[in-house]
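Peer 1: Structure in structure tokens, see below.
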Amino acid sequence: MATSAETASGAAALGRLRGALAAPGGWWDVAPRPGEALGDYLDGARLHWKLLRGGYSMGSSRRGRTLLKLARAAARDGVPGALVDCGVWNGGSTVLLAAGAPNRPVYAFDSFQGLPQPGDRDGEESAGHEGFCLGSEQKVREAFARFAPGADLRVRAGWFEDSFPAAAGEIDRVAVLHCDGDWYDSVLLSLQTFYPRIPSGGYVVIDDYGHWIGARRATDEFRRRVGDHTPLVRADYTGRYWRKP
Ligand SMILES: C[S@@+](CC[C@H](N)C(=O)[O-])C[C@H]1O[C@@H](n2cnc3c(N)ncnc32)[C@H](O)[C@@H]1O
């Protein structure tokens, strides 16, 4: 019979194996999902892999493929509007959106000073993460030069509370909104600013719904407030999206 120490070390090894498989670029993450269209899978998986290897994205393949797929679907279905990425780090997620809808303007919002201080609604796990995820505008531009050279990229550097009002006047409609600001305030402000500009049939993607409690709270509270009860679709353990009715 296994001792408790053996059981604990077996469980830890299993946890490490599970983590390695599901981590960005791990086998489970890279494997196609049931029902995933082959073209979307191949284009998304290849591009995400290059972006991950180049240090342009920290997201998983499943979430990256989702961004490309949704932007492509919005373009195919004629959903009007720009692609808006709130929290871009080094631009990987933004490139994946642009690859799906190459003729749309694509907005990249980020402080390029890392994450702001988390707030009361972000839970204990967020403590000490201020300044994490320090991206660079130069890397964003480099990623576009390498992987989406023809895209209509519009970088808006600064804290969301400053950059959103300045840009909102020029963005009348949003076909795909990607909220990847991690914290409650950042996700809520992204939704408050851009959700009203999404036409019926457009998409909202929340990167951190399953990972950061603040992102989940902001999403749930906002959806309740606007009466949007569309079921969330799972991209992976944390990513969720829905199509606006
Ligand atoms: C997890 S990273 C984004 C990862 C990226 N989407 C990718 O593809 O790898 C989160 C980003 O959100 C930005 N961010 C969070 N809250 C912000 C705010 N209030 N204003 C500006 N940038 C913010 C951070 O600077 C950071 O680069």
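Read the figures in this text as sums done on the coordinates, not as results from a lab. Please read all numbers here as calculations on a predicted model, not as lab measurements. Note that we place each Cβ from the backbone using ideal geometry, even for glycine, and neighbour counts take in every protein chain shown.
Peer 1: Quick one: residue 65 ticks every box in (1) more than 13 Å from the ligand (Cβ to nearest atom); (2) among the charged types (D, E, K, R); (3) in contact with a helix residue (DSSP H, G or I) (Cβ under 7 Å, 6 or more places away or on another chain) except a single one, so which number is it?
Peer 2: (1)
Peer 1: Go through segment 147-201 residue by residue and tally those that are away from the ligand (no atom under 14 Å from the Cβ) and part of a helix (DSSP H, G or I).
Peer 2: Qualifying residue count for the region: 4.
Peer 1: For segment 87-115, give me each residue that is touching a Cys at 6+ places or on another chain (Cβ under 6 Å) and touching a residue at least 24 places away in the same chain (Cβ under 8 Å).
Peer 2: 89, 109, 115
Peer 1: What are the residues in segment 208-245 that are in a loop (DSSP other than H, G, I, E, B) and either under 25 Å from residue 118 (Cβ atoms) or among the aliphatic types (A, V, I, L, M) (or both), if any?
Peer 2: Hits for segment 208-245 are 208, 209, 210, 211, 212, 232, 235, 236, 237, 238, 239.
Peer 1: What are the residue pairs meeting all of these: first residue in segment 189-205, first residue farther than 20 Å from residue 235 by Cα and in contact (Cβ under 8 Å) with a residue 40 or more places away in the chain, second residue basic (Lys, Arg) and outside any helix (DSSP H, G or I), Cβ atoms under 7 Å, and 6 or more apart or on different chains?
Peer 2: 197/173; 198/244; 199/173; 200/244
Peer 1: What do you reckon, is residue 140 under 17 Å from the mean Cα position of the chain (by Cα) and either within 19 Å of residue 104 (Cα to Cα) or more than 10 Å from the ligand (Cβ to nearest atom) (or both)?
Peer 2: yes
Peer 1: A further question on this structure: Quick one: in segment 105-119, which of the residues that are more than 17 Å from the chain's Cα centre (by Cα) and within 13 Å of residue 186 (Cα to Cα) is nearest to the ligand (Cβ to nearest atom)?
Peer 2: 116
Peer 1: Read through the list (1) within 10 Å of the ligand (Cβ to nearest atom); (2) under 22 Å from residue 150 (Cβ atoms), then give the number of the only condition that residue 134 fails.
Peer 2: (2)
Peer 1: Right, another one. Of all residues in segment 84-98, which are among the aliphatic types (A, V, I, L, M) and either part of a loop (DSSP other than H, G, I, E, B) or within 7 Å of the ligand (Cβ to nearest atom) (or both)?
Peer 2: If the condition is that a residue be among the aliphatic types (A, V, I, L, M) and either part of a loop (DSSP other than H, G, I, E, B) or within 7 Å of the ligand (Cβ to nearest atom) (or both), then 88 is the only one that fits.
Peer 1: Sticking with this structure for a sec: Here's a check for you: in segment 83-105, which residue that is buried (at least 24 other Cβ atoms within 10 Å of the Cβ) and in contact with a Lys or Arg (Cβ under 7 Å, 6 or more places away or on another chain) is farthest from residue 58 (Cα to Cα)?
Peer 2: Ranking the candidates gives 101 first.
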